[in-house]
Every structure is written in C-alpha cells, then in structure tokens.
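I have placed the structure first, in the form of structure tokens, so that the comments after it can refer back to it.
Values in this text are rule-based calculations from the coordinates and carry no lab data. Bear in mind that the values here come from a model prediction, so they are computed numbers and not experimental data. Every residue, glycine among them, receives a Cβ derived from its backbone with ideal geometry; neighbour counts consider all protein chains shown.
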Amino acid sequence: SHAAISDVLAGKYPLKETLTIKGWVRTVRSNPNFAFINLHDGSCFDPIQVIADSNLANYAEIAKLTTSCSLAITGTLVESAGKGQSFEIQATEVEIIGLVEDPDTYPMAPKRHSVEYLREHAHLRPRTNLIGAVTRVRNCLAQAIHRYFHENGFQWIATPIITASDCEGAGEMFRVSTLDAVNPPMKDNGEVDYSEDFFGKEAFLTVSGQLNVETYCCALSKVYTFGPTFRAENSNTSRHLAEFWMVEPEIAFADLATVASCAEDMLKYVFKAVLAERMDDLEFFDLRVQKGVVERLKTLTESEFVRMDYTDAIDILLKSGQKFEFPVEWGIDLSSEHERYLAEKHVGGPVILQNYPKDIKAFYMRLNDDGKTVAAMDVLAPGIGEIIGGSQREDRLDILDARMHEVDLNPEDYYWYRDLRRYGSVPHGGFGLGFERLVAYVTGVQNVRDVIPFPRAPKTASF
Ligand code: 4AD
Ligand code: MG
C-alpha cells in the first residue's frame, strides 16, 4: 500500500521512514546530478517534492518526465531544506507507470488557463489546481451539511427525481418520456396521449424535493433532502444551471423565524468546517481567485445575519439613488442587481429577506395576516445574490385551496399534499440551498459552471 500525500505533508509518518507514494507529475526540474519532481495525488492542494539522484538506474527517463506522467515513488522521508515545505522524499526507486504522449500538445500544460478553456476540456480539467481545490472544498461542504443535520436530529430522505408535480409552478420542467418523440400517440383533440407513456401519465425531472419531503416532515419532524434538481429555464447566467444540487431541510412545529435561524446556523457550521479542514485550498482561492475569501468566511462565522422585510428593502432600493436596469416598485420580483445592492452596498454581508408579496411566490407559502405577503425568506449573499429560498408552508387547508385555485392548480393532483393539511396539520417550513451557489460563494469562483464536476446549462451538456 502507499501513503496519501496529504498524510505525508501533515506529518503522519516519522522522519527516515521508507514510504511509497503514487500520483502525477506537476513539474520536473533536472540537471545532470539530480531531478526535483513535484508529485500530486489530489489528496491536498500541495504537491510533495521528490529528489531523484542521478545514480538511479532509470535517471535518463526520470529527467525527461513531463507534467501528468504517473509515477510510483519509493523513498526516504526527510526534512525539507527548501522553504514552504516541511517534508520531502529522497527517492530510492521511481517507477514510471504512464507517460504522457506528445507533451507539447497536452491540453493541461502547467500554466494558467481560462475557465472557458477548462470547460471545453471537462475530462482533463480535474487535474488543474483550480478544479482540484474546488472539488475538495465542495466535498468538505457536502460532508459538513450532512454532519450538521445529523447532529441536529434530522433524517435524510431520498426524494424522487422523477415526478408529476411542478413544485415551483414556473413551468421549467424537463419531460421524462418513453413515447416516440416524432410520432407520439395522439388524443382526438390533437394533444399527445400521455396515458400511453411509461408511467401512464406525464412525468418530469424534479425541480425541488420539497413537496415530497413535506410528507416525511409531517411524521418525522425534522428531515432534509440533498440531491440533484433540474430546471429547463433558459437562463444563460453565471448562477444558473440546468442540473444543480439542492439541500432542502423541512421542520415541523416551526415558524418562519425558526426556518431562518436554521439557515443561518447551518451556513455558519459549514463555513467553520471549511475553515478548519481546507485552509490549503482557501489560501489558493484567496491568492488566485478572489482576494479576501478567508477573511470573509471568518467574519461570517462571527456576525449575525441581518434580517429585513421585503417592504423595507424596496424602500431602501427606492431611496438608494442607484440607477437600476429593472425599475423598483413594491410587488416586483427582485433581480440580481437589486439583491446584490442590498447585500453588497447596503448591508455589506448576507441578508435574510422576509415576507415577500404573495403574487411573486409559490402557492405553498403561508399567507401572512396582511393578506398581501407570505412568510417567505431568501438569503442573499454578496457577489452572487440569492443562495437560499425558503418559507413557512401554508398549513390551513382552506387558504391553501384558495391559493391553488388562484394559480390554476388542480386540487385532485395534489390530494396527497392536501391530506397533510387534513390529518393532523402542523405549522412547518423549510428552505432550499443551491449547493453550487454556496460553493461559488465560499470559493469566490464567479460561475457556478466551474464548481460542479460536469456542468449542464443551455447548449453545453457533453459527455
Ligand atoms: O428559490 P428556489 O426555487 O426554491 C425552491 O425550490 C424551494 N422549493 C426550496 C424549499 O423551500 N425547499 O430554489 C432554491 C435555491 C435558490 O435559492 C438557488 O440557490 C438555487 O436553489 N437555484 C439554482 N441554482 C443553480 N441553478 C439554478 N437554475 C437554480 N435555481 C435555483
Ligand atoms: Mg427562489
């Protein structure tokens, strides 16, 4: 067996020990007497330096190694003389496992590539510093999210990917069908006959697991779902994907304030985890991607998130003297320029915006006593805008029915959702965290396409 470079650099092996490490060459510098190989295996940001002496039998081959050749190196762990690194390996054997054919045309030569170029090489970009660091931070955040919910008594529920309901009511669902796309069976009225389809009715990829997870919430009290969600919205922006991951907790016997506190708590928990576990990658983001990300995370874990009503936010935007592309008035759905003004200019940190007009929000949100607003809350973050959307749910059947009627939903399709309000209804609520937006926020990476392993966006899906 061989050692992970992260363990070696963290000092988990005693000096003078003989170790084997395996990985890929980042860089090689050689002269007639010895070669310095920087080897990485993805377990941490830093490569380890290996010194290969010219008396090794295959020194001629070693001296010609290029970026991304794969190696197994056995050697002695010694203290590093160079600065920046505490340990290095004095090689006794360098086994060349895989060479790089034609190094001059290798697409991931060790230099700075644009993120657009990296997206065009989706199969090779995991080898870069940037995508390696993003991947480790993404993993750290996902693990921390599961840990947070586990420690706080939430059950993880696997909600379905194939569904018949449009949770957000925005008509942005991808259809799932086994019908012949060119010649589907037709009804007499000229519409496609979906009773002939695989499920005997129309089916789609889910836009949110919320409605399903509510059924488990109304039995297990504290639940969450964390999985892929899909939106066929044609938004070609740096914060929209057609396939993204969402974290959706749902809490019984809870009001809007409880939901907002849970969001703030969970965010702080995962910020602390990434500060504790991935400082190597965070320092890289700070240096190369966005100055100040480490300081920002530290501040976030220490300060209270500002809470503000939608109505007050509209006032602030109107009095700001800013020229916005989209005009501001009570009732509008805030666009990202408005969200960013509030978070960046007005608050200077994340803001929890609450109590939105009911007409711009989904049917399931609880109507407030004013009859005009609903108990909704969004978390807006500087640099990115909305990262979380949530609400207290409408738990009163008559009001839910009236609302469904207003937005033209058929109560029969939602008999199961209505039943939750008929049989032991409870105040409850939850939120959805866009996981890629969180990773973008934490790392300072500008585009959500660069924080998911294989981005799917309009006209960009490949293998
Ligand atoms: O605000 P949204 O649409 O809320 C819901 O889906 C609720 N059912 C969640 C709930 O209460 N359980 O989406 C939630 C979050 C947004 O705040 C955003 O961060 C992210 O999901 N999101 C997207 N992320 C990437 N690409 C897209 N196209 C996204 N659409 C939403
Ligand atoms: Mg939203």
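The trypsin sites (Lys or Arg not before Pro) found in the stretch 75-155 that occupy coil by DSSP, while having at most 15 further C-beta atoms within 10 Å, are 83, 111, 112. Within the shell defined by Cβ-Cβ distances under 15 Å, the residues around residue 331 carry a net charge of -4, with Lys and Arg each +1 and Asp and Glu each -1.
A simple charge model with +1 on the Cβ of Lys and Arg, -1 on the Cβ of Asp and Glu and nothing else charged puts the dipole of the stretch 306-463 at about 440 debye relative to its Cα centre.
When only the Cβ of Lys, Arg, Asp and Glu is charged (+1, +1, -1, -1), the dipole of the chain relative to its Cα centre reaches about 1440 debye. Here the Kirkwood formula puts the hydrodynamic radius of the stretch 111-207 at 18.0 Å, using every distinct Cα pair. Only one residue of 434, 379, 51 has its Cα farthest out toward the positive end of the dipole of the chain, where Lys and Arg carry +1 and Asp and Glu -1 on Cβ, and that residue is 51.
Around residue 415, what is the net charge, scoring Lys/Arg as +1 and Asp/Glu as -1 over all other residues with Cβ under 15 Å from its Cβ?
On the way: positive: 201, 418, 421, 422; negative: 214, 401, 412, 413, 419.
Computed value for this residue: -1.
An oblate overall shape is assigned to the stretch 163-292, the ratio a/c of its alpha-carbon gyration tensor axes (a ≥ b ≥ c) being 1.5 or greater and a/b not exceeding b/c.
Neighbours of residue 76, meaning other residues whose beta-carbon lies under 14 angstrom from its beta-carbon, give a summed charge of -4 when Lys and Arg score +1 and Asp and Glu score -1. For the chain, the fraction of C-alpha pairs farther apart than 29 angstrom is 57 percent. Taken as entire DSSP H runs, the helices of the chain that both span 18 Å or more between Cα atoms along their own long axis and average 0.5 or more on the Kyte-Doolittle scale are 256-277. Based on alpha-carbon atoms, the Kirkwood radius and the radius of gyration of the stretch 235-287 give Rg/Rh equal to 1.10.
When all alpha-carbon pairs of the stretch 320-463 are counted, what percent fall beyond 18 Å?
Tail of P(r) above 18 Å: 65 percent of Cα pairs.
Quick one: in the stretch 38-110, what % of C-alpha pairs are over 16 Å apart?
53 percent
Remark on residue 167: its backbone amide H falls under 5 Å from those of 207, 208, a criterion applied only to residues 5 or more positions apart or on other chains, H modelled at 1.01 Å from N. Straight-distance candidates among the lysines for linking to residue 222, with alpha-carbon spacing under 28 Å and chain neighbours fewer than 8 residues away dropped: 268, 272, 358, 361. Residues whose amide H lies under 5 Å from that of residue 432, counting only those 5 or more places away or on a different chain, are 389, 390; hydrogens are built 1.01 Å from N in the peptide plane.
Within the stretch 270-341, the trypsin sites (Lys or Arg not before Pro) that combine a DSSP coil assignment with at most 11 other C-beta atoms in a 10 angstrom radius are 323.
Per residue and in cubic angstrom, what volume does the convex hull of the Cα atoms of the stretch 207-270 have?
Values: hull volume 6.9 nm³, N = 64.
Dividing the Cα hull volume of the stretch 207-270 by its residues yields 108 Å³.
Sparsely packed loop sites in the stretch 402-463 (the trypsin sites (Lys or Arg not before Pro) outside DSSP H, G, I, E and B with at most 12 other Cβ atoms within 10 Å) comprise 459. Taking GluC sites (Glu not before Pro) in DSSP loop conformation with at most 12 other Cβ atoms inside 10 Å as exposed sites, the chain has its longest uninterrupted site-free stretch at 192-303.
For the stretch 30-156, the square roots a ≥ b ≥ c of the C-alpha gyration tensor eigenvalues yield an a/c of 1.5 or more together with a/b not exceeding b/c, which makes the shape oblate. Assuming 0.890 mPa s and 25 °C, estimate D for the stretch 241-399 with Stokes-Einstein, Rh taken as the Kirkwood radius over Cα pairs, in µm²/s. This corresponds to a translational diffusion coefficient of 143 µm²/s.
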